[in-house]
Amino acid sequence: MAIVHDDPTQAKFLGNCPLCAGNRTNFFVQRPDGRKIFQCTECGLGFLNPMPSADEVASWYDGSYFLGTD
């Protein structure tokens, strides 16, 4: 299941699991940066919620990451 942002600059809250579309998730852990990870009780996937924006994810990597260079 693909998740498409209406606005790539905004985080998106997920009401269902992005893998199996299950609607039963539990809080799992909060990362040191404050982001929360939830776990789907149906398939076991752990995922950030809210899901970071496409722009935010892109900022985590420099251009060489996508080129496969060191």
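The values are calculated or read from the model by the stated rules, or taken from the named source; none is laboratory data. Owing to the predicted nature of the structure, the values given are computational and were not obtained by experimental measurement. FYI the Cβ positions are ideal-geometry reconstructions off the backbone, even for glycines, and counts take in every protein chain you see. Areas reflect the complete protein model, heavy atoms only, side chains present, ligands, DNA and RNA absent. Shrake-Rupley method; radii C 1.70, N 1.55, O 1.52, S 1.80 Å.
State which residue pairs qualify: first residue more than 12 Å from residue 48 (Cα to Cα) and inside the range 23-34, second residue open to solvent by 80 Å² or more (accessible area, probe 1.4 Å) in any location, beta carbons under 7 Å apart, and separation of 6 or more residues or different chains.
From residues that are more than 12 Å from residue 48 (Cα to Cα), the pairs are 24/42.
Residues of the range 36-48 being touching a Lys or Arg at 6+ places or on another chain (Cβ under 8 Å) and over 13 Å from residue 24 (Cα atoms), which ones?
Listed by number, the residues that qualify are 37, 48.
Enumerate the pairs (first residue in the range 54-68 and in contact (Cβ under 8 Å) with a residue 60 or more places away in the chain; second residue anywhere and open to solvent by less than 60 Å² (accessible area, probe 1.4 Å) and not β-branched (Val, Ile, Thr)) with beta-carbon separation below 6 Å, excluding pairs fewer than 6 apart on the same chain, so at least 6 apart or on different chains.
From residues that are in contact (Cβ under 8 Å) with a residue 60 or more places away in the chain, there are no pairs.
Go through (1) surrounded by 12 or more Cβ atoms within 10 Å (Cβ to Cβ); (2) of a type in the set (Val, Ile, Thr); (3) modelled with pLDDT of 90 or more one by one and return the number of the condition residue 57 breaks.
Among (1) surrounded by 12 or more Cβ atoms within 10 Å (Cβ to Cβ); (2) of a type in the set (Val, Ile, Thr); (3) modelled with pLDDT of 90 or more, the lone unmet condition for residue 57 is (3).
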